[in-house]
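Down below is the structure, laid out as structure tokens.
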Amino acid sequence: MKHIVVLTGAGMSAESGIKTFRDANGLWEGHDVMEVATPEGFAANPELVLNFYNQRRRQLFEVTPNQAHIDLANLEQGYKVTIITQNVDDLHERAGSTNVIHLHGELLKVRSTKNHKTIQEWKTDLVLGDVCENGHQLRPHIVWFGEDVPMIEKAVRICETADILVIIGTSMQVYPAASLMHYVPENTPTYFIDPKPSIASHSNLTVIKNTATVGVRKMIELLNTAQ
């Protein structure tokens with residue numbers, strides 16, 4: 001069974017109603033990303049940061065997986081599929097994908113501010129005074145700017161085993177995630193799905209200039225044709 005490795009970014013979830021991460025001037029939902037997505041921002045105003053992610057978490061319960069999420073999940077019927085996502089939502093899992101790696105953390109988890117390995121599920125608001133079993137404040141289980149990406153080494157190992165690479169809804173310009181496409185074996189067939197692609201097609205790379213829902217369908221048609 002061939003192994004499809006799928007790299008997804010904000011464009012994957014955009015059609016479900018989740019806004020893409022940030023706009024050109026560095027704002028995220030009207031907030032300076034340095035205020036809400038850095039350890040320094042959390043230290044300076046933890047309440048602001050917790051409220052920001054509480055809003056993101058609440059929004060998650062108002063949206064559902066789109067057709068692209070569902071189509072990727074259905075690919076497991078004929079392929080081994082591993083999804084490596086920069087997204088912090090759970091839409092891949094809700095659609096039925098069984099092997100999902102979250103590079104940048106998960107909105108529905110929190111962790112201790114003192115021990116990053118003390119992680120727990122969390123579906124309600126997180127407030128000051130919510131502590132881990134050792135009495136330390138809990139924080140969103142999100143990889144902030146300036147922090148290590150603990151899953152990156154696992155993601156690299158997965159990419160090294162890819163038979164087919166699919167990139168959806170990401171500019172592939174945010175590191176270290178952007179480096180992953182360079183770890184797939186040489187000459188691996190690659191499909192790049194984005195309405196505003198930053199690269200052009202060449203020998204092993206097929207660019208599909210569409211949103212995720214349309215582009216994934218086209219990619220699957222091309223996979224079926226190539227078999």
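The values are calculated or read from the model by the stated rules, or taken from the named source; none is laboratory data. Everything quoted here is computed from the prediction, not taken from an experiment. Positions of Cβ are generated from backbone atoms using ideal geometry, with glycine treated the same way; all protein chains shown enter the neighbour counts. Areas reflect the complete protein model, heavy atoms only, side chains present, ligands, DNA and RNA absent. Shrake-Rupley method; radii C 1.70, N 1.55, O 1.52, S 1.80 Å.
Is it the case that segment 124-136 has a residue that's on the phi < 0 side of the Ramachandran plot, under 12 Å from the mean Cα position of the chain (by Cα), buried (at least 16 other Cβ atoms within 10 Å of the Cβ) and of a type in the set (A, V, I, L, M)? Even if it seems obvious, please write down each step before you answer.
Within segment 124-136, the subset on the phi < 0 side of the Ramachandran plot is 124-128, 130-134, 136.
Those left that are additionally under 12 Å from the mean Cα position of the chain (by Cα): none.
Checked segment 124-136: no residue is on the phi < 0 side of the Ramachandran plot, under 12 Å from the mean Cα position of the chain (by Cα), buried (at least 16 other Cβ atoms within 10 Å of the Cβ) and of a type in the set (A, V, I, L, M).
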* To do: Pick out the one residue from Met172, Met181 that is in contact with a strand residue (DSSP E or B) (Cβ under 9 Å, 6 or more places away or on another chain), at positive phi, open to solvent by 10 Å² or more (accessible area, probe 1.4 Å) and of a type outside the set (Phe, Trp, Tyr).
  => Met172
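Quick one: count up the residues across segment 70-83 that are surrounded by fewer than 23 Cβ atoms within 10 Å (Cβ to Cβ), of a type outside the set (Ser, Thr, Tyr) and not in a loop (DSSP other than H, G, I, E, B). Quick ask: steps written out before the conclusion?
In the first step, residues of segment 70-83 are kept if they are surrounded by fewer than 23 Cβ atoms within 10 Å (Cβ to Cβ); the result is 70-71, 73-80, 82.
Filter again for of a type outside the set (Ser, Thr, Tyr), leaving 70-71, 73-78, 80.
Narrowing further to those that are not in a loop (DSSP other than H, G, I, E, B): 70-71, 73-77, 80.
Result for segment 70-83: 8.
Could you please find all residues in segment 121-136 being in a loop (DSSP other than H, G, I, E, B) and closer than 17 Å to Val49 by Cα? Show your work before the answer.
So the first thing to find is which residues in segment 121-136 are in a loop (DSSP other than H, G, I, E, B), and the list is 122-130, 132-136.
Hits for segment 121-136 are Trp122, Lys123, Thr124, Asp125, Leu126, Val127, Leu128, Gly129, Asp130, His136.
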* Among the residues of segment 84-111, which ones are part of a loop (DSSP other than H, G, I, E, B) and more than 21 Å from Ile220 (Cβ to Cβ)? -> Gln86, Val88, Asp89, Asp90, Leu103, His104
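Looking at segment 137-161, which of the residues that are farther than 15 Å from Leu103 by Cα and part of a strand (DSSP E or B) is most open to solvent (accessible area, probe 1.4 Å)? Before the answer, list the steps.
Kept after step one, since they are farther than 15 Å from Leu103 by Cα, are these residues of segment 137-161: 137-139, 160-161.
Applying the additional criterion that residues be part of a strand (DSSP E or B) yields 137-139.
Values: Gln137: 38, Leu138: 0, Arg139: 20 Å².
Selected residue: Gln137.
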* **Residues (touching a helix residue (DSSP H, G or I) at 6+ places or on another chain (Cβ under 9 Å), farther than 18 Å from Ser171 by Cα and either modelled with pLDDT under 95 or open to solvent by less than 60 Å² (accessible area, probe 1.4 Å) (or both)) located in segment 189-218** => Pro189
* To do: Return the residue satisfying two criteria in turn: it lies in segment 87-120 and is open to solvent by 10 Å² or more (accessible area, probe 1.4 Å) and touching a Phe, Trp or Tyr at 6+ places or on another chain (Cβ under 8 Å), and of such residues it is nearest to Phe52 (Cα to Cα).
  => Leu107
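Can you pull out the residues in segment 28-69 that are touching a Ser or Thr at 6+ places or on another chain (Cβ under 6 Å) and open to solvent by 30 Å² or more (accessible area, probe 1.4 Å)?
Let us first name the residues in segment 28-69 that are touching a Ser or Thr at 6+ places or on another chain (Cβ under 6 Å), namely 63, 66-68.
Gln67 - this is the single residue of segment 28-69 that is touching a Ser or Thr at 6+ places or on another chain (Cβ under 6 Å) and open to solvent by 30 Å² or more (accessible area, probe 1.4 Å).
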* Asked: Name the residues in segment 103-139 that are in contact with a helix residue (DSSP H, G or I) (Cβ under 9 Å, 6 or more places away or on another chain) and either closer than 30 Å to Gly78 by Cβ or among the hydroxyl-bearing types (Ser, Thr, Tyr) (or both), would you?
  -> Leu103, His104, Leu108, Thr113, Thr124
